[in-house]
Amino acid sequence: MVRFDAPTQVHALRICLVSKELSPFFGGGIGTYVTLMSRAFADAGHEVHVLTAALPGIERAPELLPGVHVHSVAELEPGYAGAFPFPPLRHAMAAYTLLQTLHARHPFDLIEFPEYEGEGYFALRARRTLGQFSTAVLAVRLHTPTHEVQHFNRVTTLDMDAAQQEFMEDCSIRDADLLLSPTQSLLDLVRARLGLGDKGVVVPHPFSTSSFARSVPRPRAEPPRVLYFGRLEYRKGVQHLIEAMQTLFARGLDADVQLVGGDTRTGPFGRSMREWLERRIAPEWKHRFHFEAPRPRAELASAIAEATVCCFPSLWENFPNVCLEAMSAGCLVVGSDAGGMAEVIEDGRSGLLFRSGDSTHLAEVLERALTTPSLQQAVRETAPARIADTCQPARIVQQVEAAVAAHPPVLPTLRSTPTHKEAAPRVSFLVPYFNMGQYLPETLRSIRAQTFTDYEIILVDDGSTDPHSRALLETLDAPDLRIISKRNGGLSSARNAGLREARGHYVLPLDPDDLIHPTFLEKAVAVLDGSRDFAFVTSLVSYFIDDPARIVGGWVPWGVERDALWVFNVASTCTALMERRHVEEVGGYDEWLTAYEDWDVFCALAERGLSGTVIPEPLFQYRLRPDSMTRTTLVHDRYAVMAYLYQKHPSLALHPERSLRILQGEAHKQQQLAALAPTPARPLLHQVADRMNEALKQQLEPIHPALRRTAKWLLQSAPEDSRPLRYQLMEWVKRLKPPRR
């Protein structure tokens, strides 16, 4: 908790900035911000730590960031890493793991994450579900969320990875104790989209003006030069600069345009932006436009010094470093009035503004800028002073200190386990059973190892035919167990039979070959008892084959994201703790379904406006079996079952067009994989496997079993509901046959 001696005096804080980007080792605006902010905190007397990726050259951090403790995030254990196939997800978990260790040694007072790529997703989930980092204010700083970046870039493609990144970012923003934004415009944009009310505080980024200050005037280029530097990206509005300057050239204005920056795939439908821009230049003006590759920061200062005007015609912008750099150097900046530049540039005094997206108005403003030497000269003094005042590091540190003091940690209400039992058990386990005698004893042991003991076990024998499995039932007499026998009706029928007999306030479905960690119930019950926000709670999933201690992969449920849930079961496995009345109100499990009955329940809950959350620990252990339902019937029935669910839950998606975009994005992935095959008869993956087999037969026979195991591990690590890659891997495993002897 932050401590104060007086309203204007704050004790030294222990601060951690989490960012995979860190300048000068890697990154653009976020990396630059973290470097400058960490220095500002350290200069103010705070203890500063930075958690970043294992970046090349990071060993030089003590020299470049004196007084700042820099920690590199380590990779996850190989088996467990399979649960996080999406790189941002994997990094967020690795950062959370390291953060737990550092916080346990000496608790932080402030932990700040960027919203971009959801780096704080797991840490913030841990606060909300487990009460972790209780002494720290967990802050999220807005840079520009992926949703806004894609919107302004007119990117409509969306697959599950991109949807998950947006979900992680939005959850982080919502769950933060303190939301910081460098501009009011970005804060307003995010507030409106996410319904955040008045949440958030505007605190600009610090900026060092020294590297761009003009100590000696340099001669300007002749003819006059308009400089744009930054990525060639649609949302940066470079197309309007090109159109406006051609208008001026046609009027007889003599000038050149210099565009310094890397290309992006934000042209029409993912094409090269630079090629699209070049095609928009009339042949008679092509010699006036000069495209250059990105320059190192040190070389940009000379380009700015030689420019008459710097133009940043963004369709929308947050708090761009390029604008700060040009103004710090005393250059006349022409910027868009959409977004943060309008909060930095005082129109007509420290720069000029034009109406965003209006090429005609931009041409008028550029003509004024290029033909008014007095304005150019006046800005040489006013613009650097404006940046020095707005972005003064010491003042920004004080603003953050005040914001931290005004936003103490928000901790969940986690109720402790009652010391006495009620007449009815708190939790009812629903265990469907069909010919699973080989695995059931281990599953029952995992239930009875729970630290939370107020439960009953309802075992529903769904007409087992295996003699061993039937005989086992005769040996299971125990006070915590009730066995119900019925004719075979399928998984949904068995779960419904258990639901009808359940007495618990909560129910927890658990298949008879899976396991749960001893603290699953204790932690899940505490979350549901202490919150009215959630209808169910689940956990991360770890995969195993025979030995639960040997993790071979896993899965990360999301909870509820209604648009994505309409496309894939992102909510949970069947093993989620749910309030019994909610499951009963949606009609239990649909007995027409041969699979995905749990997905159906989560869809029904979501349609009623009920949500769920995920404890960021692998408390559920899923056994991978080659004969499981998800590896047999679902391969053939998947699309028919999904069509049924779409029809049954037509109002599930809050934004149906977004769900359709995800479907199209996943279809595009499948198309790309199919394109790898030179001929329909012999896909490329098959050819590779066959050639590898031939080589193994001749030279590498001793390692062939290990390679086959690796291929199997890749298959097992793929998510259960997964993508076309799973089926390609299945074929690969088949073709990696041991060599004949």
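Each value in this text was obtained by applying a stated rule to the coordinates, not by laboratory testing. As the structure is a computational prediction, the values presented were derived from the model and not from experiment. When we count neighbours, we look across all protein chains shown, and the Cβ atoms used for this are built from the backbone with ideal geometry, even at glycine.
Some points to look at:
- Dipole magnitude of segment 4-206, debye to nearest 20 (Cβ charges: Lys/Arg +1, Asp/Glu -1, about Cα centre): 180
- Reference-scaled alpha-carbon Rg (2.2 N^0.38 Å with N residues) for segment 4-206: 1.00
- You can think of it this way: the chain between residue 438 and residue 360 has 20.5 nm of extra reach, that is 0.36 nm per residue less the Cα-Cα gap.
- Charge dipole (the chain, unit charges on Cβ, about Cα centre) - positive-most of 229, 403, 460: 229
- Distances between placed amide hydrogens fall under 5 Å for residue 177 paired with 138, all partners being 5 or more residues away or on another chain.
- Dipole of the chain, positive direction: furthest Cα of 606, 535, 673, with charges on the beta-carbon: 673
- The residue 671 and residue 275 beta-carbon pair, evaluated with R₀ = 25 Å, returns a calculated FRET efficiency of approximately 0.60.
- Each Lys and Arg Cβ is given +1 and each Asp and Glu Cβ -1; about its Cα centre, segment 427-658 then shows a dipole of about 140 debye.
- Think of the chain as a dipole: +1 on every Lys or Arg Cβ, -1 on every Asp or Glu Cβ, centred on the Cα centre; then among 328, 508, 308, 308 lies furthest on the positive end.
- Sites residue 151 and residue 423 - FRET efficiency at Förster radius 41 Å, r taken between beta-carbons, to 0.05: 0.15
- Distance between segment 243-273 and segment 142-214 - C-alpha centres, whole angstrom: 27
- When the convex hull of its Cα atoms is viewed from all sides, the chain shows a mean projected area of 38.3 nm².
- Packing here is the average count of other Cβ atoms within 10 Å per residue, and on that basis the peptides 358-365, 403-410, highest first, run 358-365, 403-410.
- In terms of packing, defined here as the mean over residues of other Cβ atoms within 10 angstrom, the peptides 36-44, 605-613, 281-289 line up highest first as 36-44, 605-613, 281-289.
- In segment 427-658, the DSSP beta bridges split such that about 25 percent are antiparallel, to the nearest 5.
- Sites residue 69 and residue 285, calculated FRET efficiency, Cβ-Cβ separation with R0 45 Å, nearest 0.05: 0.25
- All Cα pairs of segment 560-668, percent lying beyond 22 Å: 35
- Put a plus charge on the Cβ of each Lys and Arg, a minus charge on the Cβ of each Asp and Glu, and nothing anywhere else: the dipole of the chain about its Cα centre is then about 1320 debye.
- Rounded to whole Å, sorted largest first: equivalent-ellipsoid semi-axes of segment 427-658, Cα gyration tensor: 26, 20, 18
- Pairs of lysines in the chain whose Cα atoms sit within less than 23 Å of one another amount to 9, provided the residues are eight or more positions apart or on different chains.
- Fraction of antiparallel bridges per DSSP, the chain only, in percent to nearest 5: 15
- Peptides 515-525, 656-666 ranked from most to least packed, by the mean per-residue count of other Cβ atoms within 10 Å: 515-525, 656-666.
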